[in-house]
1. Give 110, 115, 90 a once-over and let me know the one that is more than 20 Å from residue 36 (Cβ to Cβ) and touching a strand residue (DSSP E or B) at 6+ places or on another chain (Cβ under 8 Å).
2. Answer yes or no as to whether residue 82 is touching a residue at least 60 places away in the same chain (Cβ under 8 Å) and farther than 21 Å from residue 40 by Cβ.
3. Here is a list of conditions, (1) more than 16 Å from residue 67 (Cα to Cα); (2) in contact with a helix residue (DSSP H, G or I) (Cβ under 8 Å, 6 or more places away or on another chain), and residue 102 meets all of them except one; can you say which number that is?
4. Residue by residue through the stretch 42-58, note down the ones that are at pLDDT 95 or above and buried (at least 18 other Cβ atoms within 10 Å of the Cβ).
């Protein structure tokens, strides 16, 4: 029975060809990876990865979530299109994270401080920030263009700084 299932699965993937099968497999593991904040992956010789320094976390309450996205219109801040996510208890002031990325390329990083840890966005309490620190106003609340947040990551470790914003 298991042999038959494996054969059927390989036949179903056969029309994709080797490149299509590899792309299908890559897509399955490319998105929605919840990881720990392993700073060793941002040590000299590491990468590709992004070392994210977040300034201005308002309080040591709730959770801070950092997510990486491909820096494209189709994927930036789209539901379920994040690559890696680190979620950890907030510490007031500055926090540093290491987000590995699949390969060198264009990416964007989003940070959210869920101040009361309820998993919901409370505009009057929660904070946020994004790569390149774009301005956020009442007209683009929370979703600046991918063009404003995208940055290049090479084969090593790229360092960026994000300044948190609260209303």
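The values are calculated or read from the model by the stated rules, or taken from the named source; none is laboratory data. Not measured: the values here are computed from a predicted model. Positions of Cβ are generated from backbone atoms using ideal geometry, with glycine treated the same way; all protein chains shown enter the neighbour counts.
1. Numbers: 110 fails: more than 20 Å from residue 36 (Cβ to Cβ); 90 fails: more than 20 Å from residue 36 (Cβ to Cβ).
Within the list 110, 115, 90, the selection yields 115.
2. On the way: touching a residue at least 60 places away in the same chain (Cβ under 8 Å): no; farther than 21 Å from residue 40 by Cβ: yes.
No; evaluated as a whole, the condition is false for this residue.
3. (1)
4. So the first thing to find is which residues in the stretch 42-58 are at pLDDT 95 or above, and the list is 42-43, 48-58.
Selection gives 42, 48, 49, 50, 51, 52, 54, 57.
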